[in-house]
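Structure, as C-alpha cells:
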Amino acid sequence: LLGPVFAIYRPITAIISAIITGLLVSTIKKEDIKLTKDSKDKVKSCCSSKQKPEPAPVKTSCCDSKKTVNKSENFLSKTISGIHYAATKLIDDIIIWLLVGLIFATLIKTFLPESFLLSYGSGLGAMLVMIAISIPMYICATASTPVAAGFILAGISPGTALVFMMAGPATNISTLGVIKNEMGSGVLIRYLFGISLSAIGFGLLLDSGLAFFNVNIVQQMQHSHELLPFWFGLSCAGLIAVLSIKPLRKLVL
C-alpha cells in the first residue's frame, strides 16, 4: 500500500522507538514505581517461596519403541501447520481491522478536502496535531496502514503519516489507563514522551530524507502494482477474499 521505502523504514523505526521508550522507562527506579494493591498481590503470589513440588520424573524403559522422526518430515509438518495457521487464525485476526482501515482510508480520500490537509500537511505543527489525534485513538497496526495511505493520497506528508502509524497502534485510552493504574504516572509520562519523541523524530527524518533523495512516495504507491505481474496480484487478492469468507474457506481447506 505504501511502497518499498515504508516497508523497510517503518519496522526499523518501530524497533528503535520501542528501545528508546524502554530506556526512558528504565530510568525510573523500581522502588519509585507505585504498584496498585492488586499488582502487589500479583507480585507477592508470583514471588512466593512456597512452590508446588515438581512431579516425579517418569521412568521409561530402555526397550521402549521410539520412532525416530525424520527431519524432512518434521520440517514439512511444521511448514504445513504454519500455512494452515496463516490461512485460518491469522486471517481471522486481521481481516476485520484491515477492512475497517480500508473503509476509513476511502472516506478520507473521498470526503476530506485536499486543501485542508495540504494546509496542515507537513512540518512539526502537523505532526503534533497527528500525535494528539492518534494517541487516544484505538487503532491497530493493520488498520492504520491503509488509513495512512489515505492521508498521504489526500495531501499530508509521508512523515506525518508515519507519526500516525507509530503512535496510533502503540497507545489508546485503555492502555494509558492501565499503565497509569498499574505502574504510576512516572512510567506513563516517560512512555508517552518516548513514543511521541520517536514518532516525530523519525517522521521529520523521513520527510527530510525523501526531499534530499527526491523520492516521491505517492508515485511509488500509485505504481507499486508494477513490481509484480498483474495476474499474480489479482490471484493473491482473490485468495485473501476466499480465505476471509469462512464457508468458502472450508471448501478450499
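The values are calculated or read from the model by the stated rules, or taken from the named source; none is laboratory data. For clarity, every value in this text was computed on a predicted model and none was experimentally measured. FYI the Cβ positions are ideal-geometry reconstructions off the backbone, even for glycines, and counts take in every protein chain you see. Protein only, heavy atoms only, side chains kept; ligands, DNA and RNA dropped before computing areas. Shrake-Rupley method; radii C 1.70, N 1.55, O 1.52, S 1.80 Å.
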Answer from K89, K109 - the residue that is open to solvent by 70 Å² or more (accessible area, probe 1.4 Å), more than 19 Å from M137 (Cα to Cα) and at pLDDT 85 or above: K89
Scan of the range 212-231 for residues that are surrounded by 11 or more Cβ atoms within 10 Å (Cβ to Cβ), assigned to a helix (DSSP H, G or I) and modelled with pLDDT of 85 or more, ordered by number: I217
For the range 112-134, give me the residue count where each residue is at pLDDT 75 or above and assigned to a helix (DSSP H, G or I). 12
Answer residue from the range 163-211, given it is among the hydroxyl-bearing types (S, T, Y) and either part of a helix (DSSP H, G or I) or more than 17 Å from the chain's Cα centre (by Cα) (or both) and is farthest from L1 (Cα to Cα) among those: S185
Residue list for the range 152-175, filter: aliphatic (A, V, I, L, M), closer than 18 Å to Y138 by Cβ and open to solvent by less than 10 Å² (accessible area, probe 1.4 Å): V163, M165, A167
In the range 239-249, is there at least one residue being farther than 27 Å from K89 by Cα and either surrounded by 19 or more Cβ atoms within 10 Å (Cβ to Cβ) or β-branched (V, I, T) (or both)? no
